[in-house]
1. How do THR372, THR238 rank by accessible surface area computed with a 1.4 Å probe, from largest to smallest?
2. Could you work out the Rg to Rh ratio of region 118-183, with Rh taken as the Kirkwood radius (inverse of the mean 1/r over all Cα pairs)?
3. Of all DSSP beta bridges in the chain, what percent run antiparallel (nearest 5)?
4. If contacts are Cα pairs under 8 angstrom and at least 6 residues apart, what is the relative contact order of region 83-152 in percent?
5. Note down the magnitude of the dipole of the chain about its Cα centre, charges +1 on Lys and Arg C-beta and -1 on Asp and Glu C-beta and zero elsewhere, to the nearest 20 debye.
6. Taking the dipole about the Cα centre of region 281-421, with the C-beta of Lys and Arg at +1 and of Asp and Glu at -1, give me whichever of THR406, LEU321, THR348 is farthest to the positive side.
7. What accessible surface, in Å², does a 1.4 Å probe find on GLU116, ignoring ligands, DNA and RNA and rounding to the nearest 10?
8. Provide MET180, MET117, MET62 ordered by accessible surface of protein heavy atoms (probe 1.4 Å), highest first.
Amino acid sequence: MSTNALQQPEPELNPRDADSRAQPWLTVVGIGEDGFGALGRAARRALFDASVVYGGERHLAMLPARVRARRERWPSPFDVAPLLAARGTAVCVLASGDPMWFGVGATLARYLGADEMRILPAPSSLSLVAARLGWPLQDVVSVSVVGRPLAAVNAHLHDGARLIVLSSDGATPAALAAQMTAQGFGETKITVFEHVGGPLERRIDGLAHAWRAAQCAALNLIALECRASGDATRLALTPGLPDDAFMHDGQLTKRDVRALTLARLAPAPHELLWDVGAGCGSIGIEWMRTHPSCRAIAVEQHAERLRFIERNRDTLGVPALQVVAGIAPAALEGLALPDAVFIGGGVTVPGVFDACWNALKSGGRLVANAVTLEGEAALTGYRQRQGGTLTRIALAEAQPLGGFETWRPALPITLYAAIKS
């Protein structure tokens, strides 16, 4: 080797390169019911090296005395601010099983970059339950009802479906069994796992309609092998649920028109719909059923129809549908801006279209239906001002006529659709 080569100066480090090689200051450790003894070497080392460990009371109690770090319980209500204030010091967080499955790791990822945080998962309770039952994980739907309405499970009820439900408390299994029986899934096999993966693990089996365990351990998961009875409503995954799936007073976008309307609204993950003049809420409900992250706000003034919306959203598994009681356009003020708007009622009301169009994001879709001549004239005016398309929908059903059958046409629908540039 030449002398010149030995004397060459060290290359200067780019600050970004230095940052990329820096060790994360936060380690999120997944811990199971089998406790500290089951942790791997890296997880133990992180805990021994930490200056502070955050976690729930149950998890912190699993640490042996030789872990000298200060122990901090999560504040109630939950707040990450104290942890973020410790940025730059060696911090550990304890979480159940896999922290990225309905866990605190997923929450922290909204505040921290991947370079600041190291995740050391343990087997999730979902994985343990699937292993106990011999269920392939890729075929299982997981639902959390921790801090969420139990009605969220209804969106996933199909004959033969396998669900694992992250339970809220010890009363959840009995409440879920009653709910499933009311939905026509009383023959569903329910298996409850208490303290799965730990020394207190216990399994309880039964059928939904005959469930007897009124109270289970607070820490439990519920496995459902769904079986529909003859009176269960078949809820297809495509838009266009049967009209009788909804409670309504006649103010309902009928099944075939609803499917066409949803096709023009074109829901996509994480998008928000305004359902203006929502009636019984059918459009907003079907929008949310297309993907778990789809959101909708139903605006309706009629008191009885508001009750229909609330009942329908729970029955059909989208309890997160937001209901706003009021008259558009005033009721639209202050709402989160939509990616799509459906005007089902009020196309002739002054100011409704303009308020919806102005609030719509760029690239958003607006769809409006009309059945009257006055409504059709309003839609024609919208098209002249903002562009878009008009489609006439004429449907007919075969119905009896004496000893024969004939076509009974429904009132024709004019569908207006436009995309905001």
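The values are calculated or read from the model by the stated rules, or taken from the named source; none is laboratory data. Quick caveat: nothing in here was measured; it's all calculated off a predicted structure. Methodologically, a virtual Cβ is constructed for each residue, glycine included, from the backbone with ideal geometry; neighbour enumeration extends over all protein chains shown. Surface areas here come from the heavy atoms of the whole protein model, side chains and all, with no ligands, DNA or RNA. Shrake-Rupley method; radii C 1.70, N 1.55, O 1.52, S 1.80 Å.
1. Working: THR372 70, THR238 90 Å².
My answer, sorted largest first, is THR238, THR372.
2. 0.99
3. Working: 34 of 72 bridges.
That works out to approximately 45 percent antiparallel.
4. Numbers: 32 pairs, mean separation 18.2, N = 70.
26 percent.
5. So the dipole magnitude of the chain works out to roughly 640 debye.
6. Farthest towards the positive end: LEU321.
7. Approximately 40 Å² for this residue.
8. Final ranking, largest accessible area leading: MET62, MET117, MET180.
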